[in-house]
Amino acid sequence: MTTSAQHPGSERPDRTPPTGEADRGQRPGRRINYADLTPAECQTLLESRNVGRIAWNAGHGPQIFPVSYACAADLIVFRTSPFGVLSELVRPTQVAFEVDDLDDAAHTGWSVIARGRAQAVASPALLSHLWTVEGAEPWAAGVRNVFIGISVERITGRSFGSQQVPPAARRGAR
């Protein structure tokens with residue numbers, strides 16, 4: 001639906017602002033079709049994958065790396081080398097962790113971002129357990145014996161290209 005309302009300095013008509021649940025995600029002048037996901041849906045989607053990207057502000061600038069991960073003991077957990085760039089995360093560090101599923105052809109997908117604090121897992125009992133958790137095995141070769149755990153403080157997500165909740169979030173199964 002278009003209106004004659006225009007933004008200051010604009011010569012083109014724009015969409016009316018969102019007025020209700022059906023208009024979620026649609027902004028004036030843009031045709032975006034997305035739905036915000038609930039924290040429970042985000043958690044289910046996070047648990048449905050095993051590769052994501054971790055981002056943080058390192059000493060020499062922003063970094064983002066793909067990692068294989070697992071969700072265990074209320075943490076997002078991955079293994080790394082004690083000598084690589086990711087080993088910076090042994091000390092408590094604010095991070096963002098993203099996982100998504102995109103369909104280029106259909107222009108649909110979803111994205112979940114978990115924000116929290118990463119640090120080395122130090123509990124002997126938890127470390128013993130993590131060696132047995134499926135999905136925590138890294139794809140990268142070499143010695144990867146440092147477990148980094150992310151304590152999630154906030155999780156958000158969106159499904160876009162359709163107003164439907166992604167099937168993986170409805171199933172609740174991995």
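The values are calculated or read from the model by the stated rules, or taken from the named source; none is laboratory data. Here the structure is a predicted model, which means the values were calculated and not measured. Here Cβ is always computed from backbone atoms with ideal geometry, including for glycine, and neighbour counts include all displayed protein chains. Side chains are part of the model used for accessible areas, which takes the heavy atoms of the whole protein and leaves out ligands, DNA and RNA. Shrake-Rupley method; radii C 1.70, N 1.55, O 1.52, S 1.80 Å.
Data overview
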read-out	value
Simple label model, 7 Å out from Cα along Cβ direction - R154 to E137, nm	3.7 nm
Backbone HN-Hα couplings from phi across segment 73-83 [Karplus 6.51/-1.76/1.60, Hz, Gly and Pro as x]	6, 6, 10, 8, 10, 9, 10, 8, 7, x, 10
With all protein chains modelled, accessible area of W131 [1.4 Å, Å²]	130 Å²
Rounded to whole Hz, the Karplus (6.51, -1.76, 1.60) HN-Hα couplings of segment 101-111, x for glycine and proline	9, 10, 10, 4, 5, 8, 6, 10, x, 8, 9
Extension gain from V165 to S81, taking 0.36 nm per residue of separation minus the Cα-Cα distance	26.6 nm
